[in-house]
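What follows is a short report on a single structure.
The values are calculated or read from the model by the stated rules, or taken from the named source; none is laboratory data. Note that this is a predicted model, so its numbers are computed, not measured. Glycine gets a Cβ as well: all are built from the backbone with ideal geometry, and neighbour counts include every protein chain shown.
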Amino acid sequence: MSDTKRKIAVIGAGSIGTAFAIVFARAGYPVALYDPDDQRLQAALSEIAERLGYLTKEGLLDDDLAAIQTRVAVTSSMAQAISGAVHIQECAPELLDVKRELFAKIDALASADAVIASSSSAMPASQYTEALSGRARCLVAHPTNPPYLIPMIEIVPAPWTDADATQRTLALFRVANMSPVLVNKEVEGFLLNRLQGAVLREAYCLVRDGIASAEDIDTVMRDGLGMRWCWIGPFETVDLNTRGGIASHAIKMGPAYARMGKERGQNDPWTEDLVATVDGSRRKTLPLDQWSERVAWRDRALMALLRLRKSFAG
Ligand SMILES: NC(=O)c1ccc[n+]([C@@H]2O[C@H](COP(=O)([O-])OP(=O)(O)OC[C@H]3O[C@@H](n4cnc5c(N)ncnc54)[C@H](O)[C@@H]3O)[C@@H](O)[C@H]2O)c1
């Protein structure tokens with residue numbers, strides 16, 4: 001691992017902050033983990049040691065456990081944590097006043113070239129950074145819990161965030177072996193919770209209308225949709241399910257999905273232009289002459305998953 005990586009400050013050592021300390025330290029970054037609660041800091045150190053132990057046991061660490069552990073230093077001084085840091089990951093409670101006060105403090109303490117990212121689940125950066133002189137280096141980097149096990153992270157710039165700060169954050173998380181996605185505009189729920197919300201809204205309706213039990217809805221996801229979705233997304237899923245790809249799927253299934261949407265009071269038809277945009281993206285990733293090969297890959301991936309499910313005792 002490179003010794004030239006600059007320090008990362010993690011502000012707040014709860015569930016998310018502790019997990020981020022592992023993410024960055026595992027990638028070779030020195031990490032300063034701050035929390036106002038000393039007991040929490042000590043507990044965080046034990047949690048980090050325990051989780052690194054499990055990761056080692058599962059063969060999921062490329063580096064020596066002790067080397068990773070020594071990269072994490074805890075401190076109850078925010079100024080000390082932030083001093084010299086190239087990236088500051090704020091992981092404090094989800095309260096607007098807390099974030100507002102904290103961002104003002106961090107902005108005053110951070111190096112001129114540092115990026116300040118909030119882990120906020122629901123509050124876009126524009127709600128607590130507008131008045132800051134350094135607002136152009138502030139954004140949201142929303143992880144999925146726990147980020148040291150689930151790689152996807154949503155990068156959400158505010159309207160005034162510099163493109164350079166956004167690009168540096170995307171690059172940092174790629175180096176840290178995460179899977180960052182860019183949310184072009186601030187929107188409630190970002191991407192993950194909007195997609196989860198769509199599924200949950202329908203799931204609740206189906207239970208309410210007596211169509212199926214809650215248990216059976218979970219089974220549909222666990223033993224049905226989720227099997228493919230742990231390997232490929234919803235667009236690739238239908239692309240591989242239909243000869244001719246997603247454009248052909250939209251012709252065959254579009255009207256039925258439109259009727260289902262209308263039944264729920266939603267009228268967002270898959271217009272020709274919209275389907276052409278998604279189809280264009282799919283065909284760039286997977287030309288149709290490679291379709292059968294990818295279907296065979298998906299099937300092998302499902303076999304690997306079945307093997308894992310069979311062997312995983314919990
Ligand atoms: N838990 C999740 O599933 C999840 C997932 C994604 C994002 N998030 C977001 O991450 C952030 C942290 O959530 P969490 O679940 O780790 O919360 P948590 O309650 O586990 O931890 C919050 C930590 O912040 C500390 N803290 C309190 N006031 C502080 C301050 N002024 N400055 C710095 N630290 C302070 C607390 O002592 C605590 O250790 C929230 O914005 C949350 O919405 C949470």
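Within the stretch 145-175, the set of residues being loosely packed, with under 12 Cβ neighbours inside 10 Å and of a type in the set (A, V, I, L, M) comprises A163, A171. A search for C-beta distances below 9 Å between a residue of the stretch 120-145 that is closer than 20 Å to A176 by Cα and away from the ligand (no atom under 12 Å from the Cβ) and any residue that is in a loop (DSSP other than H, G, I, E, B) and of a type in the set (F, W, Y), counting only pairs 6+ apart in sequence or on different chains, returns C138/W160.
Only one entry in I88, I22, I48, I68 is modelled with pLDDT of 95 or more and in a strand (DSSP E or B), namely I88. Restricting attention to the stretch 91-105, the residues being within 8 Å of the ligand (Cβ to nearest atom) and assigned to a loop (DSSP other than H, G, I, E, B) number 4.
Would it be correct to say that V72 is more than 11 Å from the ligand (Cβ to nearest atom), in contact (Cβ under 8 Å) with a residue 12 or more places away in the chain and either within 22 Å of S179 (Cα to Cα) or in contact with a Lys or Arg (Cβ under 7 Å, 6 or more places away or on another chain) (or both)? The answer is no for V72. Would you confirm whether or not the stretch 46-57 contains a residue that is within 26 Å of L109 (Cβ to Cβ), within 14 Å of the ligand (Cβ to nearest atom) and of a type in the set (A, V, I, L, M, F, W, C)? There is at least one residue in the stretch 46-57 that is within 26 Å of L109 (Cβ to Cβ), within 14 Å of the ligand (Cβ to nearest atom) and of a type in the set (A, V, I, L, M, F, W, C). Filtered by the rule that a residue be surrounded by fewer than 10 Cβ atoms within 10 Å (Cβ to Cβ) and not acidic (D, E), the stretch 278-295 gives a lone residue, K284.
Within the option set I251, I211, I246, being part of a loop (DSSP other than H, G, I, E, B), farther than 21 Å from L305 by Cα and either aromatic (F, W, Y) or modelled with pLDDT of 95 or more (or both) holds for one residue only, I211. The residues of the stretch 176-194 that are part of a helix (DSSP H, G or I) and surrounded by fewer than 14 Cβ atoms within 10 Å (Cβ to Cβ) amount to a single one, R194.
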